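In what follows, a single structure is set out as structure tokens and then discussed.
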Amino acid sequence: MTNLRRAVVTYYAYRCVSAIGFIGPFLNVFLVSRGVTFTDLALGGSAMAAVAVLGEVPSGYVGDRLGRRRSLLLSQTLFAVGVSSWAFVRSTTAVVSVFVVFGLASAFQSGSTEAWLYDALDEADEAERYTEIESRGAALRLWVTATTMVAGGFLYVVEPLAPFACAAALSWSGVAIVASLPANARYRGASTDEGGDTSLGPRRALSLIRHFLGRPGLRVVIAVVAVFVGSLSAAGDYLQPVVVRTLPRTTATVAGAPLPEFVVLGCLYATFTALSAFAVDRADALRESLGSVTALLALVGVGGAAMLVPLVGTRLFGGSLAAAATLSAIVGFRTCGDVVRPIHSAYLNDRADSAGRATTLSAVAFVGAVVRVPFLLVGGRVADATTPAVALALVGVVPLGVALGVTVSKRPLVAGVSLKAAFDDR
């Protein structure tokens, strides 16, 4: 097995164990049953976003300066701690604390994952395969998520804490896998397996960020995707309650015996995730067919429109037709979000300098974290005051409007920059 192939296989393994499907279908429902409110979840999500805002760029700089693998190792350890804590969360303080841990984990992962993979491929003159490999890794993660969602539903019925124990074990195994990732060539020292890069000082890092974010075409794409990702983050808090309300009582049976609701919910989420995995594995084909910018705008627009369907479908149709429309819409916007990520990541990596790749990618994530906060705060309040379906529609109409505005209007998001320039920067 060649060094590159070994590195890619290890990367795939890392992506697989980062899945938390064991608890995905019912985490929010479980927390709410223990007295956690939607406002608590919104506060926790906002705290996570705030930590990401404060930590994104510094963590990316740490990844570039000390090594991407070290950054990923710290990130995976924090993720494992966070996943292991969910079973004990019962109060607002506990919710916020766990979200803060996830925020730190996300900050150290953001930028470093994509930077490690892109440079590993670039060292082997295979950078053009980035979207293919990244989308394949995302698809494998989704397949593992789908499988563990089904298992988690059955485990939850037998013992509610069992899926949390399995999710924790999977996350901790990821720590060992990350430790086995090869270091990028520029971090390999003579006496250690990963040295440091002393050439990237703070002043140079800030210069790279200013240059990267100052490119007109990039600003348009970054802004559109940041809005969509912000809406998806908020939508995750309302997804489970919307599904549960759509299917308040299950009539599914096996050999004449009714299946428990959480088993059905796990299977349902697994179906959603499997469909997303099928689509995300073809992200590279979509990018090649439409071009990066056109594909991103189409996905953002369709994803935002799909978030309106649960509310509109219930009011227009009702019954089984509304349920079918709701479930189809959930598959739609989840899939759009999953496919956006590898295309957007490839678009950015192709334009980033290797020396500060993690730093610049983290700066983009910083923008997304800032945008995410109002979605979480406003959406959480709306969900508590009305219904989760109303909140889902509210956060969905924003990316839909932005995508339509950029596509239809001759005046793009950044004043003085032609829309053609944004599309030409493919």
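The values are calculated or read from the model by the stated rules, or taken from the named source; none is laboratory data. It should be emphasised that the depicted structure is a prediction, and the values quoted were computed from it without experimental measurement. Please note: Cβ atoms are built from the backbone with ideal geometry, for glycine as well, and neighbour counts cover all protein chains shown. The protein model used for the area step is the full one, side chains on, heavy atoms only, and it has no ligands, DNA or RNA in it. Shrake-Rupley method; radii C 1.70, N 1.55, O 1.52, S 1.80 Å.
Residues in the stretch 120-132 that are surrounded by fewer than 21 Cβ atoms within 10 Å (Cβ to Cβ) and out of contact with any Leu (no Cβ under 7 Å at 6 or more places or on another chain): D122, E123, D125, E128, E132. If you filter the stretch 139-163 down to residues that are within 27 Å of C336 (Cβ to Cβ) and hydroxyl-bearing (S, T, Y), you find that the one that is most open to solvent (accessible area, probe 1.4 Å) is T147. Scanning the stretch 1-13 turns up one or more residues that are modelled with pLDDT under 80 and hydroxyl-bearing (S, T, Y). Here the condition is being in contact (Cβ under 8 Å) with a residue 40 or more places away in the chain and under 27 Å from V244 (Cα atoms); of A138, A80, it holds for A138 alone. Reported count of residues in the stretch 71-92, each being modelled with pLDDT under 90, polar (S, T, N, Q) and open to solvent by 10 Å² or more (accessible area, probe 1.4 Å), is 2.
Assess whether L348 counts as being open to solvent by 20 Å² or more (accessible area, probe 1.4 Å), of a type outside the set (S, T, Y) and in contact (Cβ under 8 Å) with a residue 60 or more places away in the chain. No; evaluated as a whole, the condition is false for this residue.
The number of residues in the stretch 346-391 that are touching a Ser or Thr at 6+ places or on another chain (Cβ under 8 Å) and under 24 Å from R141 (Cα atoms) comes to 8.
Contact map, the stretch 14-32: residues that are in contact (Cβ under 8 Å) with a residue 40 or more places away in the chain and under 15 Å from C267 (Cβ atoms) paired with residues that are open to solvent by 30 Å² or more (accessible area, probe 1.4 Å) and of a type in the set (A, V, I, L, M, F, W, C), Cβ distance under 6 Å, separation 6+ or inter-chain. Pairs shown: F22/C166; F26/F262. Exactly one residue out of G44, G21, G35 is at positive phi and either modelled with pLDDT of 80 or more or in a loop (DSSP other than H, G, I, E, B) (or both), and it is G35. Screening A49 on (1) open to solvent by less than 30 Å² (accessible area, probe 1.4 Å); (2) closer than 19 Å to V178 by Cβ; (3) part of a helix (DSSP H, G or I); (4) aliphatic (A, V, I, L, M) shows it passes everything except condition (2). Would you point out the residue of the stretch 300-339, among those that are among the β-branched types (V, I, T) and under 18 Å from the mean Cα position of the chain (by Cα), that is surrounded by the fewest Cβ atoms within 10 Å (Cβ to Cβ)? Only one residue fits best here, namely V302.
Does the stretch 95-104 include one or more residues that are of a type outside the set (A, V, I, L, M), surrounded by fewer than 17 Cβ atoms within 10 Å (Cβ to Cβ) and either farther than 26 Å from S276 by Cα or in contact with a strand residue (DSSP E or B) (Cβ under 9 Å, 6 or more places away or on another chain) (or both)?
To start, the set of residues in the stretch 95-104 that are of a type outside the set (A, V, I, L, M) comprises 97, 99, 102-103.
Cutting the leftovers down to surrounded by fewer than 17 Cβ atoms within 10 Å (Cβ to Cβ) gives us 97.
In the following step, the residues that additionally are either farther than 26 Å from S276 by Cα or in contact with a strand residue (DSSP E or B) (Cβ under 9 Å, 6 or more places away or on another chain) (or both) were identified as 97.
Scanning the stretch 95-104 turns up at least one residue that is of a type outside the set (A, V, I, L, M), surrounded by fewer than 17 Cβ atoms within 10 Å (Cβ to Cβ) and either farther than 26 Å from S276 by Cα or in contact with a strand residue (DSSP E or B) (Cβ under 9 Å, 6 or more places away or on another chain) (or both).
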